[in-house]
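Following: one structure in structure tokens, then a few remarks.
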Amino acid sequence: MANHHGPQASLDLTHVLYDDSSYFSLVLALVTLTPILLMPAYAALAFQTREYIIIMMWAGQFAGEALNLVLKHAIKQERPSYSAANGYGFPSSHSQYMGYFASFLMLHLYFRHRFATTGYRILDQTWRAIIYLALAAWAFVVAYSRYYLRYHSVAQILWGFGIGVALGVSFYAVCEFIPRRRPTSIFGTFKSFLVENPVSTWLQIRDGWDVWADGGREAEWLRWRAEWDRRQVSNSIRKKET
């Protein structure tokens, strides 16, 4: 019987090799998978919140993946000789992914998001610093895992991370920073179109951070709390009547 199938390739999305005698290696093997898990998180947040900035961040992440694929097949640099992985290695897609994710999100948190206050300035600043450091550490550990698990050389990782950061900064500037500072610019006009066109209106896409400093989180919570308190009072009255 003739074989109608062409050459087969391995799709190494979750296939990770690690030293099974080392718990540290196992932890890094799990950490190196986190960029893959971020994609469904993006989708869930985009569909749940309908927020412009989340949708744009998600779109930029896809654009980065496409750019990485183009660069790999254009440069065609092999992985290190000691690597058991398939495919080209320059630049590291995981490092690029996390470089983009961390830089874009930190810029958004720094320039646009207002954190809830504890009433103590030192605690507020400490909490912000912890979040920024956690994001940076997460990105660094993922990048380091690609070296420790023998998937990429140091140069491939550094280039990937640098490209990701450059893309994150550039994309944030184009879709949020410049439109905010110069609303009449071409980028500001395009952002307004993305938010106000009939399709976006039908999908109820919004730019919460352009109206509320915290994206509307506190207003939504207050609305929920008012309804919650109203129901609690109503339930108490019913209990007394019975």
**Study point:** Subset of the range 47-62 (residues that are under 20 Å from Phe177 (Cα atoms), assigned to a helix (DSSP H, G or I) and in contact with a helix residue (DSSP H, G or I) (Cβ under 8 Å, 6 or more places away or on another chain))
**Key:** Tyr52, Ile53, Ile54, Ile55, Met56, Met57, Trp58, Gly60, Gln61
Check your understanding: Does Ala134 fit the bill of being more than 28 Å from Gln204 (Cβ to Cβ), surrounded by 15 or more Cβ atoms within 10 Å (Cβ to Cβ), modelled with pLDDT of 95 or more and under 19 Å from the mean Cα position of the chain (by Cα)?
Key -> no
Revision key, fill the gap. Here the residues within the range 66-100 that are part of a helix (DSSP H, G or I), in contact with a helix residue (DSSP H, G or I) (Cβ under 9 Å, 6 or more places away or on another chain) and either in contact (Cβ under 8 Å) with a residue 24 or more places away in the chain or aliphatic (A, V, I, L, M) (or both) are Leu67, Asn68, Leu69, Leu71, Ser93, His94, Ser95, Gln96, Tyr97, Met98, Gly99, Tyr100
Point to revise | Of residues in the range 86-104 being of a type outside the set (Ser, Thr, Tyr) and surrounded by fewer than 20 Cβ atoms within 10 Å (Cβ to Cβ), the one nearest to Phe171 (Cα to Cα) | key: Gly87
**Study point:** Of the criteria (1) closer than 30 Å to Leu17 by Cβ; (2) aliphatic (A, V, I, L, M); (3) at pLDDT 90 or above, which one Leu149 fails
**Key:** (3)
Review point. Looking only at the range 193-208, which residues are in a helix (DSSP H, G or I), surrounded by 14 or more Cβ atoms within 10 Å (Cβ to Cβ) and not hydrophobic (A, V, I, L, M, F, W, C)?
Key: Ser200, Gly208
Review point. Restricting to the range 46-65, what's the tally of residues that are within 15 Å of Phe101 (Cα to Cα) and free of Cβ contacts under 8 Å to residues at least 12 places away in the same chain?
Key: 2
Study note, to complete from the structure: When every residue in the range 63-112 that is aliphatic (A, V, I, L, M) and at pLDDT below 90 is compared, the one farthest from the chain's Cα centre (by Cα) is Ala84
Review point. What tally of residues in the range 147-187 results from selecting those that are part of a loop (DSSP other than H, G, I, E, B) and of a type in the set (A, V, I, L, M)?
Key: 1
Review point. Tyr52: touching a Cys at 6+ places or on another chain (Cβ under 9 Å) and either buried (at least 17 other Cβ atoms within 10 Å of the Cβ) or at pLDDT 95 or above (or both), yes or no?
Key: yes
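The values are calculated or read from the model by the stated rules, or taken from the named source; none is laboratory data. Keep in mind it's a predicted model, so treat the numbers as computed, not measured. Positions of Cβ are backbone-derived with ideal geometry, glycine not excepted, and every protein chain shown enters the neighbour counts.
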